[in-house]
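**Student:** Just passing along the structure, written as structure tokens.
The values are calculated or read from the model by the stated rules, or taken from the named source; none is laboratory data. What you are looking at is a predicted structure, and each value in this text was computed from that prediction instead of being measured. Accessible surface is based on the protein model in full, side chains and every heavy atom, while ligands, DNA and RNA are left aside. Shrake-Rupley method; radii C 1.70, N 1.55, O 1.52, S 1.80 Å.
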Amino acid sequence: MKKIDLYSIQTHEFCDSAKRSLRYGDISYFEIDMPSDPMLRGEMRREANDMRTVPQIYVNNAHIGGFAELYAMQQFGKLEKLLKD
């Protein structure tokens, strides 16, 4: 199985939705909780083409986007296909 990293903050609506969506699909992920760590924020922004919003989601270190992109990928079966390839 491919590695999924999810940069998030606690009690954030879209982060919670992304985690719930992954759990619902029985997809394991590694959560990177970054409440105020400037180094983690800088790393996330660098890897996400300077995006500042959370969540930011990566599959095998490839940036796929935030919750909206994750949701769309799941709706069209693209995430499952990506995870199997």
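**Student:** Taking all protein chains as present, what is the carbon and sulfur share of the accessible area of the chain, in % to the nearest whole number, probe 1.4 Å? The partial results should precede the final answer.
**Tutor:** Details: 2930 of 5490 Å².
Solvent-exposed carbon and sulfur of the chain make up 53 percent of the total.
**Student:** Which whole-number percent is the relative contact order of the chain (Cα, under 8 Å, 6+ apart)? All intermediate terms of the calculation are to be shown ahead of the outcome.
**Tutor:** Values: 113 pairs, mean separation 30.4, N = 85.
It rounds to 36 percent for the chain.
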